[in-house]
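**Student:** There's a structure below that I have some questions on.
The values are calculated or read from the model by the stated rules, or taken from the named source; none is laboratory data. Remember, it's a predicted structure, so these values are computed and weren't measured experimentally. Virtual Cβ from ideal backbone geometry, glycine too; neighbours counted across all protein chains shown. Each accessible area value is taken on the protein alone, full model and side chains, heavy atoms only, with ligands, DNA and RNA left out. Shrake-Rupley method; radii C 1.70, N 1.55, O 1.52, S 1.80 Å.
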Amino acid sequence: MDTKILHVDAGAGYDIVIEPDVLDAAGERIKEALPKAKRLFLVTDSNVSPLYGPRLVASLEKLSFEVHTHVIPAGETSKSAAELVRLWEWMTAHGITRTDAVVALGGGVVGDLAGFAASTVLRGVDTVQVPTTLLSQVDSSVGGKTAIDLPAGKNLAGAFCQPKLVLMDPNTLSTLPDAEFMSGMAEVIKYGCIWDRDFFDFLAARPTRAALMADIAHILRVCCDIKRLVVSQDERDTGLRMILNFGHTLGHAYELAGKYETWTHGQAVAAGMVTAARLGETLAVTEAGAAERIMAVLTPLGLPTHIPCDFACMEKAVGVDKKSAGDSVTLILLEKIGVVRPLTLPKAEVLDTLRRMTEA
Ligand code: NAD
Ligand code: GLY
């Protein structure tokens, strides 16, 4: 069995288990991690439920867990206050107690919503994350950020609540639509850019989904390893963790420009990484040629390297960026591929440089 286990030193500490078909061994894994749990509250979405729900439930029931299942509509709109209230009411109607646990089976939407519901119901019950998208496997299931969206913006209400276990079955990615797979790839490439030049080159040598899937367990392990190291040092996102936002400030501008419909998050991050590398090159912080190298990895995967965006969207994204403070903003730039370099600059200077780059 090709099993990889990584330990995250955050919260009470927990394991990430990366194992093909771990869905069928979930009962044993959860029993081991949460010996007191009797009832499991499984949250999944309308796409994932028919694909993987029955296998997961069978594995849990084999270990005599009492399993209750709640299916949310697939899609970002489910990360809402209304859906959160429905989850709380469903859990309490079925008599959830503090020793029970919530199991989130699905992508980042299910993980964020179910994680937030678990962190608040009865003032907090345990969570097990079972991520089924590439993005959720390499990013959202690890690190304990949970949230819902509010009318004013994404992820505006949430909590830090580390899971007790993350079970990652790489085989679930076989049913993922191409667009979702590639969206996750933008985050995968990000890890190479900020942390690991060898990994970046490894990805560059695998320009198709088939080639990437042939080594997917290794890819998941490298990404989760980087994420766990970062989160272990900065669980509450007050310092180092901001490096995970490489490409995201401008990515948010692109998402905004497309009214959150035209571009997936991953597409926006892909183009955002290229612009951040160009910005770094313009500011003489980033080694010349880095943007070209990132483009050469993104292009064969069909990820955009440029997204048209009017200056007002850039201004807004820089203005509301969570790394901004007063008149300054911390940009996540690269020194070179594999070496990240956060840099705090006056917002006016950043915007002026971006304006000149846009006009050039
Ligand atoms: P998602 O959860 O909406 O999943 C994408 C689509 O794929 C959905 O339609 C889903 O039903 C479907 N799907 C999921 N697994 C599948 C499978 N194995 N086969 C077929 N279809 C499948 O989106 P996502 O990209 O996984 O997550 C995006 C969310 O994650 C956003 O809300 C974002 O804010 C959040 N996020 C959170 C963090 C964090 O640290 N908590 C980090 C990054 C992103
Ligand atoms: N996705 C960024 C973080 O977890 O901090």
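**Student:** If you take the residues of segment 166-203 that are of a type outside the set (D, E, K, R) and open to solvent by 50 Å² or more (accessible area, probe 1.4 Å), which of them is farthest from ligand 1 (Cβ to nearest atom)?
**Tutor:** TRP195
**Student:** For the structure I just gave you, tell me whether THR133 is open to solvent by 10 Å² or more (accessible area, probe 1.4 Å) and either charged (D, E, K, R) or within 30 Å of ARG221 (Cα to Cα) (or both). Break it down stepwise before answering.
**Tutor:** On the way: open to solvent by 10 Å² or more (accessible area, probe 1.4 Å): yes; either charged (D, E, K, R) or within 30 Å of ARG221 (Cα to Cα) (or both): yes.
Spelling it out, THR133 is indeed open to solvent by 10 Å² or more (accessible area, probe 1.4 Å) and either charged (D, E, K, R) or within 30 Å of ARG221 (Cα to Cα) (or both).
**Student:** Taking segment 227-254 on its own, how many of its residues are more than 16 Å from PRO342 (Cβ to Cβ) and open to solvent by less than 40 Å² (accessible area, probe 1.4 Å)?
**Tutor:** Going through segment 227-254 one residue at a time, the tally reaches 5.
**Student:** Is segment 87-110 home to any residue that is near ligand 1 (Cβ under 8 Å from one of its atoms), farther than 17 Å from GLU187 by Cα and open to solvent by less than 30 Å² (accessible area, probe 1.4 Å)? If you could, list the steps in order and put the result at the bottom.
**Tutor:** The initial filter retains those residues of segment 87-110 that are near ligand 1 (Cβ under 8 Å from one of its atoms), namely 106-110.
Still in the list and also farther than 17 Å from GLU187 by Cα: 106, 110.
Going one step further and asking which of them are open to solvent by less than 30 Å² (accessible area, probe 1.4 Å), we end up with 106, 110.
There is at least one residue in segment 87-110 that is near ligand 1 (Cβ under 8 Å from one of its atoms), farther than 17 Å from GLU187 by Cα and open to solvent by less than 30 Å² (accessible area, probe 1.4 Å).
**Student:** Then there is this: Are any residues in segment 111-143 part of a loop (DSSP other than H, G, I, E, B) and within 14 Å of ligand 1 (Cβ to nearest atom), and if so, which ones?
**Tutor:** Passing the criteria: THR132, THR133, SER141, VAL142, GLY143.
**Student:** Does THR299 qualify as being hydroxyl-bearing (Ser, Thr, Tyr), at negative phi and either in a loop (DSSP other than H, G, I, E, B) or open to solvent by 40 Å² or more (accessible area, probe 1.4 Å) (or both)?
**Tutor:** So THR299 passes the test.
**Student:** Residue check, LEU301 against (1) under 24 Å from GLY143 (Cβ atoms); (2) within 16 Å of ligand 1 (Cβ to nearest atom), all met but one. Which one?
**Tutor:** (1)
**Student:** Please list, ordered by residue number, the strands (runs of 3 or more DSSP E) wholly in segment 144-244 having 2 or more residues that are within 16 Å of ligand 2 (Cβ to nearest atom), farther than 24 Å from ASP21 by Cα and of a type outside the set (Lys, Arg).
**Tutor:** Result: 145-150, 153-160.
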